[in-house]
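The values are calculated or read from the model by the stated rules, or taken from the named source; none is laboratory data. The structure displayed is predicted, hence computed values, not measured ones. FYI the Cβ positions are ideal-geometry reconstructions off the backbone, even for glycines, and counts take in every protein chain you see. SASA here: full protein model, heavy atoms, side chains in, ligands and nucleic acids out. Shrake-Rupley method; radii C 1.70, N 1.55, O 1.52, S 1.80 Å.
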Amino acid sequence: MEFRQLGHSGLKVPVLCFGTGTFGGGNEFFKAWGETDVAEARKLIDICVEAGVNFFDTADVYSNGLSEEILGQAIKHLPRESILISTKSTFRFGPGENNVGSSRYHILQQVEGSLKRLGTDYIDVYHMHGFDATTPIDETLNALDNLVRDGKIRYLAASNFSGWHLQKSIDISRQYGWARYVAHQVYYSLVGRDYEWELMPQAIEEKVGALVWSPLGWGRLTGKLRRGAPLPEVSRLHKAAAGGPVVNDEYLYTVVDALDKVAAETGKTVPQIALNWLLQRPTVSSVIIGARNEEQLRANLASVGWNLTPAQIETLDRASQTDAAYPYWHQHQFTERNPLPVPRFELHSWE
């Protein structure tokens with residue numbers, strides 16, 4: 001298993017991280033992800049550790065805390081120092097005016113709750129799960145810095161921030177000498193490349209490591225979707241209207257066609273190719289994989305230990321490229337002064 005530096009930090013993380021959103025199934029939304037219990041979770045975690053994946057991601061809101069509880073139970077037999085735990089807060093965690101957001105009040109409450117549910121006395125990587133525009137940024141960062149100084153958190157990360165949200169946060173931390181965000185958990189996939197427009201160049205400049213969530217495009221790149229075929233009976237795509245990314249059907253099929261072409265050349269599966277493509281993108285520290293069962297997990301773990309060729313990457317890049325929003329489409333015309341982190345090609349006919 002390859003390990004990479006986590007952004008502007010000394011922490012090394014495996015290039016694959018196991019996401020535990022499938023643990024628990026504590027409400028209807030998360031039941032669509034999975035309902036893994038403690039026994040099955042322990043089995044999956046042992047498979048990960050055997051493969052060299054010792055990084056596990058969860059969040060307070062995953063199944064209303066049940067994901068954290070199950071993860072905590074499932075790692076009890078492992079030395080705590082042998083694994084890395086990532087969790088998050090910001091989103092609503094019950095009733096009450098202060099049970100939501102990135103205020104000092106809510107952060108302290110949620111960190112203590114996560115530590116209890118996980119059965120540990122520290123968290124390796126702690127994320128603000130989203131940006132809170134109603135709380136002063138310095139209040140959030142000061143609270144997080146104090147938790148780092150107290151030893152309850154080792155490293156800080158953001159998630160789902162815009163470029164200016166993240167940059168302003170980094171600048172404030174730099175101004176006061178506080179612990180800063182070293183990583184950013186982001187949505188990035190072959191059918192969701194918006195990350196490349198602003199956040200990737202910023203990550204290069206500020207050394208922010210990308211932790212990629214939903215690398216298979218909200219279940220679209222599992223190899224089960226084909227032109228004219230119905231959705232699988234069990235798929236998080238059925239929940240797309242509840243917050244998942246919208247993808248043009250013809251665009252999706254163009255990308256899947258390219259994946260099928262590369263799959264035929266490599267003998268790998270569509271998901272393995274989609275994951276390997278991400279691992280060769282600038283700024284990516286780790287890709288978060290999920291699995292409902294051992295078969296899915298072992299298949300995803302097989303996405304490392306080999307690399308796509310430059311020609312295969314170009315095939316996928318060309319098929320998945322889209323028009324950028326303003327001002328990025330304008331900047332992309334002047335690459336002499338605005339160099340791009342990844343190449344861009346002439347767009348395909350469906351656009």
### Message
Which lysines, if any, have their Cα less than 16 Å from the Cα of Lys268, not counting same-chain residues under 8 positions apart?
### Response
Lys224
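Can you show me the helix-derived [θ] at 222 nm for the chain, built from DSSP H runs with n ≥ 4 at -39,500 (n - 2.57) apiece and divided by the number of residues, rounded to the nearest 500. Show your work: numbers first, answer last.
Numbers: 12 runs with 128 residues, N = 351.
Per the formula, -11000 deg cm²/dmol.
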#### Entry: Along each principal axis, Cα extent of segment 12-110, largest first, Å
44, 31, 23
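Take each of the peptides 64-72, 294-302, 169-177, average the number of other beta-carbon atoms within 10 Å over its residues, and list them starting from the highest.
Values: 64-72: 23.6, 294-302: 16.9, 169-177: 15.0.
Descending packing order for the listed peptides: 64-72, 294-302, 169-177.
Suppose we keep just the DSSP beta bridges with both residues in the chain; what percent of those would be antiparallel, to 5?
Numbers: 4 of 34 bridges.
Around 10 percent antiparallel, to the nearest 5.
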### Query
Taking a quarter of the surface of the convex hull around the Cα atoms of segment 243-351, what do you get in nm²?
8.7 nm²
### Message
Over the Cα atoms, compute the radius of gyration (one decimal) and Dmax (the largest Cα-Cα distance, rounded to a whole number) for the chain, in Å.
### Response
19.8, 56
### Message
Can you compute the modelled spin-label distance between Thr322 and Glu295, with each label point 7 Å from Cα toward Cβ, in nm?
### Response
3.2 nm
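Go through segment 97-206 and name the GluC sites (Glu not before Pro) that are in a DSSP coil and have 15 or fewer other Cβ atoms within 10 Å of their Cβ.
Details: sites: Glu97, Glu112, Glu139, Glu196, Glu198, Glu205, Glu206; in loops: Glu97, Glu198.
Those satisfying the criteria are Glu97.
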### Query
Where the centroid of each part is defined by its Cα atoms, how far is segment 146-206 from segment 295-344 in Å?
21 Å
## Note on the structure
Place a point 7 Å from the Cα of Arg92 in the direction of its beta carbon; the residues of segment 100-137 whose amide N falls under 12 Å from it are 100-101
### Under 24 Å from Lys76, Cα to Cα: lysines that are on another chain or at least 8 residues apart
Lys12, Lys43, Lys88, Lys116, Lys152
### Query
If the cut-off is a Cα-Cα distance under 17 Å, which aspartates and glutamates reach Lys168, setting aside same-chain residues fewer than 8 apart in sequence?
Asp132, Asp138, Glu139, Asp145, Glu198, Glu205, Glu206
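Roll a 1.4 Å probe over the protein chains and send me the accessible area per residue for segment 112-244 in Å². Walk me through the numbers before you get to the answer.
Working: 5620 Å² over 133 residues.
That works out to 42 Å² per residue.
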### Message
For segment 94-244, what does the convex hull of the Cα positions come to per residue, in cubic angstrom?
### Response
146 Å³
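Students often check this: by mean Cβ neighbours within 10 Å, which of 332-340, 40-48, 77-85 ranks highest, and how do the rest follow? Working shown, then result.
On the way: 332-340: 9.9, 40-48: 19.7, 77-85: 13.7.
Most protected by this proxy first, the peptides run 40-48, 77-85, 332-340.
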